[in-house]
Amino acid sequence: MTHPPRHWISPLALALGCALLSACNSSSLPPPPAQGPAEVGVVTLKAQPITLTSELPGRTNATVAAEVRPQVNGIIRERLFTEGSDVKAGQLLYRIDPATYQASYDSAKATLAKDEANLETLRLKAKRYAELAEIKAIAQQDKDDALSSVKQAEATVAADKAALETAAINLGYTRITAPVAGRIGKSSVTPGALVTANQTTALATIQQTNPMYVDLTESSADVLRLKKAFEAGQMRRAGRDQAAVALILEDGSRYSQEGKLQFADVTVNESTGTIALRAVFPNPRGELLPGMYVRAVLEEGVAQEAVLVPQKGVSRNVKGEPVALVVGADNKVELRTLNLSRPMGENWLVSSGLKAGEKVIVEGSQKARPNSVVNPVPVEGAKAAAPATPATTGKPGA
């Protein structure tokens, strides 16, 4: 009889041995540690006074802009100003060759003199005919014809005077003067150029830049809000029925002069839903130039108990509503739906949904779920306080 080798082990025995060994090893290992609450970074909200402002985009425009154009045809003989200089109203700018207009004036003047002499003769004749008619020396018809000739001559003289005045006006138009005082720009023509009375190109443009207009646009809803704030005395005033306005220049610096809101259009633009506003700013040093892009800042008042929440602590739900995760009692997470007023730098101004003293999650929100327990850790350097200077705001948020 053949016996199996001593080193041979039955597969069944091997399987049973491995199972026993595994059981022994698992019973000897310590159990895994239980997971604690997730750690999240939080910011504690504070109530503080905030200066509320509205920031509106705009463009600067000259208070007066007059285009210099020729009113008669002719050749430019002289240009009598320096481009970019200040000119006075009535100052001579260009001279058009006056030869043909001088000749027309002289001709009209001579025609008037001739017809005035003829009128004087006819008047004397009519006077004599009137005397003769009284003594029946001539027929009444002759007297009437003489009087009619006088009236016709008087009409001719009147027409000659009008023609002479027209010729004088055209002759005067050969001297092109400044219609207003201000700073004149570059000239579009040089001496020797032909100009016409109906040309589309202006010879030059004169602009008055002190004071300077700033034309703004704002939605009709926000204009109503600003009007109510002004009537309630919340906006800072710059005179009777005028709100004070500050200006931010293209480089981000603040303009040194304060302006005032002067004008609001009475019509809403149907395509954009906006209303045109106009502010006026002093410009004694010429810092503001026509066509500059600027931002006007209107102070609306001070919110004494304003609450700001960092923007990174606010998200949107599936409905598009702003929401935030708040660590409440027993470190339990709550989901809050917010009503935001407007952005304030890196924060949102909260109208409702949050209050001072509450802790908002700004870091690790992906580890927090509503009704879960978390370990809140204050975030160092979190910007949830109002800046020391009045805050400049944009459009209201959702």
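The values are calculated or read from the model by the stated rules, or taken from the named source; none is laboratory data. Keep in mind it's a predicted model, so treat the numbers as computed, not measured. Please note: Cβ atoms are built from the backbone with ideal geometry, for glycine as well, and neighbour counts cover all protein chains shown. The accessibility values were calculated without ligands, DNA or RNA, using every heavy atom of the protein model including side chains. Shrake-Rupley method; radii C 1.70, N 1.55, O 1.52, S 1.80 Å.
Couple of notes before you dig in:
- Here residue 59 passes the criteria (1) surrounded by 15 or more Cβ atoms within 10 Å (Cβ to Cβ); (2) farther than 29 Å from residue 193 by Cβ; (3) not hydrophobic (A, V, I, L, M, F, W, C) except the one numbered (1).
- Of the residues making up the range 273-282, at least one is more than 13 Å from the chain's Cα centre (by Cα), touching a residue at least 60 places away in the same chain (Cβ under 8 Å) and in a loop (DSSP other than H, G, I, E, B).
- Lone unmet requirement of (1) within 16 Å of the chain's Cα centre (by Cα); (2) open to solvent by 20 Å² or more (accessible area, probe 1.4 Å); (3) modelled with pLDDT under 90; (4) charged (D, E, K, R) for residue 218: (2)
- Subset tally (residues that are of a type outside the set (Asp, Glu), assigned to a loop (DSSP other than H, G, I, E, B) and open to solvent by less than 90 Å² (accessible area, probe 1.4 Å)) for the range 250-271: 8
- Scanning the range 174-189 for residues that are among the hydroxyl-bearing types (Ser, Thr, Tyr), open to solvent by 40 Å² or more (accessible area, probe 1.4 Å) and part of a loop (DSSP other than H, G, I, E, B) turns up just one, 188.
- Residue check, residue 133 in contact with a Lys or Arg (Cβ under 6 Å, 6 or more places away or on another chain), free of Cβ contacts under 8 Å to residues at least 12 places away in the same chain and more than 30 Å from residue 81 (Cβ to Cβ): yes
- Residue that is surrounded by the fewest Cβ atoms within 10 Å (Cβ to Cβ), among those in the range 291-317 that are under 18 Å from residue 346 (Cβ atoms) and charged (D, E, K, R): 316
- Within the range 81-104, the set of residues being farther than 20 Å from residue 65 by Cα and not hydroxyl-bearing (Ser, Thr, Tyr) comprises 95, 96, 97, 98, 99, 102, 103.
Yes/no per residue for (1) free of Cβ contacts under 8 Å to residues at least 40 places away in the same chain; (2) surrounded by 18 or more Cβ atoms within 10 Å (Cβ to Cβ); (3) hydrophobic (A, V, I, L, M, F, W, C):
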site	(1), (2), (3)
50	no, yes, yes
65	no, no, yes
78	no, no, no
100	yes, no, no
113	yes, no, yes
118	yes, no, no
125	yes, no, no
129	yes, yes, no
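- When the residues of the range 67-76 are filtered to those that are of a type in the set (Val, Ile, Thr) and in a strand (DSSP E or B), the one that is surrounded by the most Cβ atoms within 10 Å (Cβ to Cβ) is 68.
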